[in-house]
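Read the structure below first, then the notes.
The values are calculated or read from the model by the stated rules, or taken from the named source; none is laboratory data. A quick note: this is a predicted structure, and the numbers were derived from the prediction, not measured. Here the Cβ is made from the backbone with ideal geometry for all residues, glycine too, and neighbour counts use every protein chain on show. The accessibility values were calculated without ligands, DNA or RNA, using every heavy atom of the protein model including side chains. Shrake-Rupley method; radii C 1.70, N 1.55, O 1.52, S 1.80 Å.
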Amino acid sequence: MSFFSPHRYGPVSLARLTFFSLAGVTLLLVVTSSVFFANISRLERNFAASNEQFAHQELTEALTLMENHMLTVAKALAGWDETRQQLEDPTYYAYWRNSRVLSSGLLPDTTDAIELYDVNGRTLSKESREGEATMPAHIGQDNLRLALARENGHEHFILFFPIFSDTGLRHRIGYGGLKLDFNAELRTLRRFLYVDMASVHLTAQDTQMLSLDQAIRHLAFKTQPSAEILAFKSLIYRVMYQVAAIVLIGILLAYFFVVLLVAKPLRRLSEHIDAMRTGRGGLLSEAYRGPVPVAELENVRISLNDYQSKLDHMHVNLANKNEELWKLAHHDPLTGIFNRRAFEEDWGALTRPALTSINVAFLLFDCDHFKTINDTYGHHVGDQVLQGIAEALYVALRTGDRLYRMGGDEFATILYETDIALATRVAERCIDAVTAHDFAAYGMFEPVRISIGIAHSHDAASAALLHKHADLAMYHAKRPGSAKVAVYAESLAHSSKAMFSSPETAAVYAAIANPDLLEMHYQKIVLLPAAEVDYFEALVRIRYLDSLLHPASIFSVVEAKRLEIEFDLAVLARIRQDLTGGKLPVGTGISINISGMSIVTAQIIDKLLALGEFLDRYKLVIEITETSLITQISHASANLNRLRKAGFVIALDDFGSGYSSLRYLSTMPVDVIKFDISMVHCLDGEDRQRVIVENLAKLISAAGFKLVAEGIESIETLQRVTELGFTHAQGFYLGRPEALKR
């Protein structure tokens, strides 16, 4: 039987039941608050004890540092020639002590006094000194130690040490004495987190000399109050008081609400149901007779409980199903953010003709080289990368901004009530958030980067073009050498012409489908100092519609359309034709440029290894840029090592134009370093630039690498790189790229 069963105690009024319930809640709040405050106090005492222990440890470590510092100063002073000269001839000792030694830089700024003593321990000084500069007139063997003393209410660190005339420390000629300001030296040596330095003092008597072990026991101090603990305590108390006040106010409001607003309708409903059950019927107002005990609610429960319970259950299930269906329809199952359907609904609302004036920015995000990540690490890691990018972007966006996954590795957001400057700041914050995300936790060792395109609009008419404009800007941001955030402008649309429908785009796709459209031009790379041709660098052109497309036009399309792998396969096919056809002189070689995406692609590596059949007649060199190698160094290194074992030579192209350090260079699996044209031109520049490049070349050459100088345009430059030890050279002075005939 229930405690509040009406059969046990009789009917209970709703007001009284509410009062007892709320009183119980109040009592529970009071008990919970008391326990919580008691735990806070105990935590505060524990922190105080911990701070005391850390403060004692800080002082102990500081005394050890001070000891080492003083011994170092004493050793330097004892080994100074002028110190030994004073002990041999103290004629100018007063000047030396008061001026010369203080300006020598051997003593710390916290020095209060210095004194020299003859071999019998008597001071060399002929004048007495007072105050903190006082030193004893005579010392004995028992004074030769580090000590801490209190004099006239001030603490000093004192050290007496022997001075020898020889480095073997066999012939003692006197002693030295140092006195340092204890508190000032402590502050100089380290920063104290737990000790209140203003409170540190010795409890020993004045003039009492204490060893370091004794000093630790006689040092008194106070710990610094923890600002975090005080702020935390203040915050907790304030929150608890606010919660208590809110709860108490809520209890009072609930009581009056139940009594005045709930009890009366329920009573009237109960009387009406009773009337209906007895057949009296009538209106609800006719059944109202004033206050009635809560026992009448039992009649409501008997009459309506089953029906109401089923109805409520049905409503709850329906609401939950509706919410689940909405989430499934509007959220991406992989990342949990909004999907393209949610974007299209929001986009439709944004571009309604009724909206004549809006101030909105559209940001389009794309992961750089995501296909390579998927191919290299598998789709499981690729999914984790997408989840990590979504998490980083969501955190970086403003509160209330929606993040959408448009498909694949493409994300988007709409920033309302914003301008270009604010949208750019948000985009830069997103770049930083993705850069800071720990993708190494997924087993990756290369950084993940994103490119962002921004488009801005003031009205609904131009808002309809935001997606297209942001897409243009994003592709511009992905181009090598471009900033990772690009804002759409009309000039950008013109410069991006080659990315989309254009003769250049058609030419690239045609060349991929038919490598015969590719025309390889070869530039000499000569062996120094004889300047004889060693091998040729293969440089691609496309012969299309009676015109010859050069690399600037070709690679803008390749990079924008992400056709690096497909294009490299076409180039390798064309090079194989040239090698088979004997276009290159036997005994020379060919240098092939491979993109960063291709060097981690198994299909490309297989095609390169298949060229190994020509290694008995030609030198085969693989050129890869330092940037692409560093970003995927683990996988790329493994593939390059396979090629080296097969007999290929590996060259690091454009050295000096990227960001690799000598530490990276020492681990790269390369044989040849090609100095970028900008580095070679520095040899004709200012003295500082020239010296840096010259010494860098000598250093790398001494490490066993072969060096190639690009951009040789004069005999003077050729002579200079030859003198610096470059093994090869390349440039217009030696020969322009040209098609070779059999």
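Values for this structure:
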| quantity | calculated |
| --- | --- |
| Tally, over the stretch 383-412, of residues that are more than 23 Å from Lys371 (Cβ to Cβ), out of contact with any Ser or Thr (no Cβ under 8 Å at 6 or more places or on another chain) and not small (Gly, Ala, Ser) | 4 |
| Leu386 vs. criteria open to solvent by less than 10 Å² (accessible area, probe 1.4 Å) and in contact with a helix residue (DSSP H, G or I) (Cβ under 6 Å, 6 or more places away or on another chain) | no |
| Residue in the stretch 150-165 that is surrounded by fewer than 16 Cβ atoms within 10 Å (Cβ to Cβ) and closer than 18 Å to Leu116 by Cβ present | yes |
| Pair list, Cβ < 7 Å and 6+ apart or interchain, from the stretch 28-43 residues that are closer than 13 Å to Tyr237 by Cβ to residues that are open to solvent by less than 70 Å² (accessible area, probe 1.4 Å) and at pLDDT below 80 | Ser33/Met240; Ser33/Ala244; Phe36/Met240; Ile40/Lys233; Ile40/Ile236 |
| Hits in the stretch 72-126 (condition: open to solvent by 80 Å² or more (accessible area, probe 1.4 Å) and in a helix (DSSP H, G or I)) | Thr72, Lys75, Asp81, Gln85, Glu88, Thr91, Tyr92, Tyr95, Arg100 |
| Qualifying residue in the stretch 417-436 (condition: of a type in the set (S, T, N, Q), over 16 Å from Ala473 (Cα atoms), open to solvent by less than 20 Å² (accessible area, probe 1.4 Å) and out of contact with any helix residue (DSSP H, G or I) (no Cβ under 7 Å at 6 or more places or on another chain)) | yes |
| Odd one out for Leu230 among (1) among the hydrophobic types (A, V, I, L, M, F, W, C); (2) modelled with pLDDT of 75 or more; (3) under 45 Å from the mean Cα position of the chain (by Cα); (4) not assigned by TED's automatic domain parsing to the domain that holds Gly153 | (2) |
| Helices (runs of 4 or more DSSP H) wholly inside the stretch 649-736 containing at least 3 residues that are loosely packed, with under 15 Cβ neighbours inside 10 Å | 662-667, 687-702, 715-723 |
| Lone unmet requirement of (1) surrounded by 17 or more Cβ atoms within 10 Å (Cβ to Cβ); (2) modelled with pLDDT of 90 or more for Phe370 | (2) |
| Restricting the stretch 168-206 to residues that are among the hydroxyl-bearing types (Ser, Thr, Tyr) and either touching a Lys or Arg at 6+ places or on another chain (Cβ under 8 Å) or open to solvent by 80 Å² or more (accessible area, probe 1.4 Å) (or both), the residue that is farthest from Arg150 (Cα to Cα) | Thr188 |
| Arg402 among the charged types (D, E, K, R), closer than 16 Å to His456 by Cβ and open to solvent by 70 Å² or more (accessible area, probe 1.4 Å) | no |
